[in-house]
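Below is one structure; the comments refer to it alone.
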Amino acid sequence: MVNNAGIELSGDIELCTLSLYRKFQEINLYGYIAVIKAFLPMIRKIERGRIVNVSSILGRQSWPGRSAYHISKHGIETMSDSLRLEMVKFGVGVSIIEPGNYGHATSIAAEVACERIKQDVGKMWDEATPEVRQFYGRDYFFRALKGYTECCSKIYPILDTEKKLCNL
């Protein structure tokens, strides 16, 4: 079984709302656990079954402003390590794949994701206290959107070129 899911958001710890942290964990971590729990009885029955969890190098490496993503991906890393130790007695392997920065080539940078990120950053701004708004300023809050907007505008020409090369 290959398990892969994730959404992205940039925001300093002080700026990111608790509801956004919960949303990230629900999708990026608890979604994995739900899939594993649903399929584990079947996987245990398969001789030499395997679970592959696609995480991220950002589960082991932290950058400023991306704590919600880092926390969720680190959770996948530690959950996978625990599951590996629990499943070894049944002959079930558990592997982790930690891709690097390939967001531009996945749906994590699709237009719909960019729109969601804009909404999430807007929510952070709307729910920030007046003191936090004054201290950081609107430009600081919305700085991350520039990178996502650029990424979204770059992905489609790349995919179109790949389709042409592959005669799709």
Self-check item: Any chance Arg44 is at positive phi and of a type outside the set (A, V, I, L, M, F, W, C)
Solution: no
Quiz item: With (1) over 19 Å from Pro64 (Cα atoms); (2) more than 21 Å from the chain's Cα centre (by Cα); (3) at pLDDT 70 or above; (4) open to solvent by 60 Å² or more (accessible area, probe 1.4 Å) as the list, and Tyr140 as the residue in question, which single condition is left unmet?
Solution: (1)
Exercise. Identify all residues within the range 52-94 that are aromatic (Phe, Trp, Tyr) and within 11 Å of the chain's Cα centre (by Cα); write none if there are none.
Key: Tyr69
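Condition check ((1) in contact with a strand residue (DSSP E or B) (Cβ under 8 Å, 6 or more places away or on another chain); (2) β-branched (Val, Ile, Thr); (3) under 24 Å from Glu115 (Cα atoms)) across all residues:
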| residue | (1), (2), (3) |
| --- | --- |
| Met1 | yes, no, no |
| Asn4 | yes, no, yes |
| Arg44 | no, no, no |
| Asn53 | yes, no, no |
| Gly75 | no, no, no |
| Val94 | yes, yes, no |
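Applying the selection to the range 34-47, what residues are part of a loop (DSSP other than H, G, I, E, B) and either modelled with pLDDT of 80 or more or within 16 Å of Ser82 (Cα to Cα) (or both)? Working first, answer last.
Pass one, the range 34-47, residues part of a loop (DSSP other than H, G, I, E, B): 46-47.
Selection gives Ile46 alone.
What do you reckon, is Ser56 of a type in the set (S, T, N, Q) and open to solvent by less than 20 Å² (accessible area, probe 1.4 Å)?
Against the criterion (of a type in the set (S, T, N, Q) and open to solvent by less than 20 Å² (accessible area, probe 1.4 Å)), Ser56 qualifies.
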Quiz prompt | Candidate set from the range 28-39 (those that are open to solvent by 30 Å² or more (accessible area, probe 1.4 Å) and in contact (Cβ under 8 Å) with a residue 24 or more places away in the chain); member that is farthest from Trp125 (Cα to Cα) | solution = Phe39
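The values are calculated or read from the model by the stated rules, or taken from the named source; none is laboratory data. The structure displayed is predicted, hence computed values, not measured ones. Reconstructed Cβ throughout: ideal geometry from the backbone, glycine too, with neighbour counts over all protein chains shown. In case anyone asks, the SASA skips ligands and DNA or RNA and just uses the protein heavy atoms, side chains included. Shrake-Rupley method; radii C 1.70, N 1.55, O 1.52, S 1.80 Å.
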